[in-house]
Structure formats: C-alpha cells, structure tokens
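The values are calculated or read from the model by the stated rules, or taken from the named source; none is laboratory data. Bear in mind that the values here come from a model prediction, so they are computed numbers and not experimental data. We place every Cβ from the backbone using ideal geometry, glycine too, and count neighbours over all the protein chains shown. Each accessible area value is taken on the protein alone, full model and side chains, heavy atoms only, with ligands, DNA and RNA left out. Shrake-Rupley method; radii C 1.70, N 1.55, O 1.52, S 1.80 Å.
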Amino acid sequence: LQEHQEVCTTSEPEIDIDLSGVKPEIILFADKKQFGQIFTNLFKNAIEAMDHSGSIRVLSSLIKKGNSSYCRIQVQDDGPGISPENFEKVFNPYYTTKSTGTGLGLSIVERIVFDHKGSIWFESQLGYGTTFFLDLLMEKNH
C-alpha cells in the first residue's frame, strides 16, 4: 500500500491518501502483484470519481465469520458517490460511466478477491462518497 500511496501522491498532488487506519500487525498471505492490481484499480477509480482532488482513506480490521478469520479492508473516497441505479452494474465487465476506460477495473478486482476466497461489496451515497469493503481469508492455505 505504501508504494501505491507514494505513486498517487506524486502523480496526483491534490489527492490525500490516509493509511493510518491500516494495522501493520495484520499480515495477509496473497499474491503481491494481484493485490497491487486491486489497489491500483480502486485508487484509480476513486481519483477519477473525485476529479483528481479529494481524500482516500484505507482501513483494515480483523473479523470472524463462523470459524474463519478475515481481514476486512475498506477503501473510502469522498467523491460524488455512485448513483443507486448503477449499483447492480458496478462489477459488470465493460460497464463504465466514464468517457474513457474499458470498464474492466472493478470486475478484475472482484475476480482477484473471489480467487482468494474473499468477498467484496460497496456502500455509496450521492454527495458523500463510496466505500469498498474487501473481506479476505486470513488462512495461509486457501
């Protein structure tokens, strides 16, 4: 995450990325390249939604679901939010509200999370921003 923060703050000086909510004691066993792709896509979408000016906050916490432990990662932006009529389309391949782009970013994120036996969802309110939630299995062998 530090790498993505540095790249974003250098290339997007009007973007503030707050990683203070990320707990360093939480260690995930995951493919670094794939998880880099997750954060690249989530940050890129947030930056574009905020028109290159705003804040992104990342938080992590441990949660239990049944007998399993998960790391919950939240990526929050203070952009315009997602319109409710678009909620069901967000993870669809090739869906985009932007004039440029392929519409593949969030479908790729969803596939990587699912491949790691995790889940992803979001909450959004127009005028207040969007938060993506990722629950990722903490077990080594999955």
Residue-normalised 222 nm signal for the chain, counting each DSSP H run of n ≥ 4 as -39,500 (n - 2.57), nearest 500 deg cm²/dmol, is -8500 deg cm²/dmol
Amide H neighbours of GLY54 at under 5 Å, excluding residues fewer than 5 places away on the same chain, with H built from the backbone geometry, are ILE15, ASP16
A correct Karplus calculation of ³J(HN,Hα) over segment 50-58, with 6.51 cos²θ - 1.76 cosθ + 1.60, θ = phi - 60°, whole Hz and x for Gly and Pro, returns 8, 6, 6, 8, x, 10, 10, 10, 10
Note, segment 12-28: 3J(HN,Hα) by Karplus (6.51, -1.76, 1.60, θ = phi - 60°), whole Hz, Gly/Pro = x, goes 10, x, 8, 9, 9, 10, 9, 9, 5, x, 8, 8, x, 6, 8, 10, 9
Residue-ordered couplings for segment 63-77, obtained by feeding phi - 60° into the Karplus form 6.51 cos²θ - 1.76 cosθ + 1.60 and rounding to whole Hz (Gly and Pro as x), are 9, 10, 10, x, 9, 10, 9, 10, 9, 9, 10, 10, 10, 10, 10
In the chain, taking the dipole from +1 charges on Lys and Arg beta carbons and -1 charges on Asp and Glu beta carbons about the Cα centre, the listed residue (PRO80, SER55, PHE122) farthest towards the positive end is PHE122
Measuring from the longest principal axis of the C-alpha atoms of the chain, the long axis of helix 2-11 (C-alpha) lies at a number of degrees, nearest 10, equal to 10 degrees
Non-local residues with an amide H under 5 Å from the amide H of GLY21, with H modelled 1.01 Å from N and Pro and chain starts lacking one, are VAL58
Of all lysine pairs in the chain that are eight or more residues apart or on different chains, those with Cα atoms under 24 Å apart total 24
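Please calculate how many Å² of accessible area the chain carries per residue, with a 1.4 Å probe and no DNA, RNA or ligand atoms counted. Mind showing how you got there, number by number?
Values: 8310 Å² over 142 residues.
On a per-residue basis, 58 Å².
Any idea what the relative contact order of the chain is, in percent, if you count C-alpha pairs under 8 Å spaced at least 6 apart? Write out the running numbers ahead of the final one.
Values: 245 pairs, mean separation 34.8, N = 142.
RCO, the chain: 24 percent.
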Carbon/sulfur accessible area of the chain, % of total, 1.4 Å probe, equals 50 percent
Connecting every pair of Cα atoms under 10 Å apart in the chain and solving the GNM, the largest mean-square fluctuation among SER61, SER20, SER53 falls on SER20
For the chain, the longest principal axis of the Cα atoms and the Cα long axis of helix 105-115 enclose an angle in degrees, to the nearest 10, of 10 degrees
Which of [x] 17.0, 57; [y] 14.8, 44; [z] 16.6, 52 is the computed Rg and Dmax of the Cα atoms in Å? It is [y]
So the angle from the long Cα axis of helix 32-49 to the longest Cα principal axis of the chain, reported in degrees to the nearest 10, equals 30 degrees
